[in-house]
Amino acid sequence: MNIFFGSKDFAGNKEIEIIERKGSGHPDTLADGLAEYLSISFSNYSLEKFGAVLHHNFDKVGLLGGASYVAFGEGYLMDPIRVLINGRMSTKFANERIPAKKLLINWTKEFFKKHLPLIDPDEDLEFHLNLSLQSSPGKTYEKEAKKSARQRWFEPESLADLPELNKLRSNDTSVGVGYAPSSTLEIVGLEIEDSLNSDEYRKENLWIGSDIKIMGVRNNNKYYFTICIPQVAKHVVNLDNYIENLSKARKHIENILSNNKINVEDSEIFINTRDNYDLAELYLTAIGSSIESGDEGLAGRGNRVNKLISLTKPMSMEGSCGKNPVYHIGKIYYVAAFKLANKIYEKLGIENEVYLISQSGRDLLDPWIIAVYTQKGLGAENELHQIIKDEIIHFPEITRSILRGEIRIY
């Protein structure tokens with residue numbers, strides 16, 4: 001592998017910083033979450049039943065919004081949320097057929113019961129399955145191709161038709177990018193949404209919806225936040241109650257800022273800036289998410305694997321959720337880049353950026369190029385070499401951690 005080291009003035013990037021967090025009930029985050037849930041569920045299902053993770057990808061899942069009725073004290077869906085399960089999935093192993101449609105629908109209902117508990121999955125979801133069994137380029141119909149696993153990519157006759165069991169190879173020419181450490185703005189942005197969407201906060205505030213969106217900006221030492229917070233109509237009796245709830249949320253957010261040593265008096269917090277009280281145009285919802293009223297969500301448009309969109313930090317446009325967790329570079333190398341960056345920071349205490357670049361078909365444990373940026377004048381190349389080599393051999397552990405639910409990437 002080629003390991004390149006570069007240097008940059010990290011301090012020069014710190015005057016202005018911008019982050020975005022799409023909360024757990026945001027349509028794009030729901031699409032990412034569903035894609036990942038389907039991938040993990042199918043991986044564990046096939047691992048237990050057949051002894052290996054069978055080929056699949058659900059990274060193009062989509063959600064199309066329904067329609068809802070909302071007024072103070074009541075809210076309900078009038079039209080269902082349409083679930084587009086797009087992708088590829090093994091439908092057969094040896095002589096046994098896999099009940100793909102039944103499994104995918106059941107797993108989707110499980111996901112929505114947990115993430116949008118105010119809907120009835122049997123009544124409020126409409127399913128559209130668009131699955132293909134076509135292999136990526138490489139499958140041909142030449143005589144020699146009869147021996148190729150590409151002919152049976154989604155219908156393997158035995159474990160011998162899963163070449164990754166013998167040697168992990170990159171499925172794509174792509175790049176994973178990560179960095180460390182996280183900034184105060186990133187930490188606070190995540191904490192605000194995690195806290196407002198926590199079971200503890202929700203238990204005491206039944207009115208709060210999950211489609212919380214945060215835009216955060218830091219200009220030197222001053223912090224600015226614009227936050228959208230939905231309210232569940234049946235728990236809001238009137239406009240005064242609505243305003244009171246937002247005031248309560250503001251105080252909670254201010255406490256989070258104070259606990260992270262951010263001067264609240266020198267910060268600006270804006271909540272639900274599109275509200276018009278005179279016209280009763282409010283972020284009032286039936287189920288807590290804009291997916292109920294015409295909004296759409298698509299996998300890959302939401303948060304990156306660090307659960308944020310950090311616009312002033314290095315990032316990739318790769319959509320990781322729903323990709324096969326065994327050898328899809330758009331997932332493995334992205335998670336690995338953050339793990340490697342954090343390991344460098346943990347051991348050497350230096351700010352850094354890591355880029356892992358693959359070649360399609362190349363040994364997954366032998367990236368084509370690894371590029372690492374550190375602060376100018378630091379050196380430490382020998383130590384960096386050793387950390388990189390020590391970490392690469394642990395890449396397969398990422399798969400196991402994902403399947404155990406220990407790594408969340410949306």
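For the list (1) out of contact with any Leu (no Cβ under 8 Å at 6 or more places or on another chain); (2) at pLDDT 95 or above; (3) surrounded by 15 or more Cβ atoms within 10 Å (Cβ to Cβ), I need the number of the one condition that I262 fails.
(2)
Condition test on G330, is it more than 28 Å from I208 (Cβ to Cβ), more than 11 Å from the chain's Cα centre (by Cα) and surrounded by 24 or more Cβ atoms within 10 Å (Cβ to Cβ)?
So G330 passes the test.
From I187, I214, grab the single residue that is at pLDDT 95 or above, assigned to a helix (DSSP H, G or I) and under 20 Å from the mean Cα position of the chain (by Cα).
Result of the check over I187, I214: I187.
If a residue has to be under 24 Å from P181 (Cα atoms) and part of a loop (DSSP other than H, G, I, E, B) to count, how many in the stretch 302-328 make the cut?
18
Which one of S158, S135 is free of Cβ contacts under 8 Å to residues at least 24 places away in the same chain and more than 24 Å from the chain's Cα centre (by Cα)?
Of S158, S135, the one residue that is free of Cβ contacts under 8 Å to residues at least 24 places away in the same chain and more than 24 Å from the chain's Cα centre (by Cα) is S135.
The values are calculated or read from the model by the stated rules, or taken from the named source; none is laboratory data. In this text the structure is predicted, and so the values were computed from the model without any measurement. Quick reminder, even Gly has a Cβ in these numbers, built from the backbone with ideal geometry, and neighbours come from all protein chains shown.
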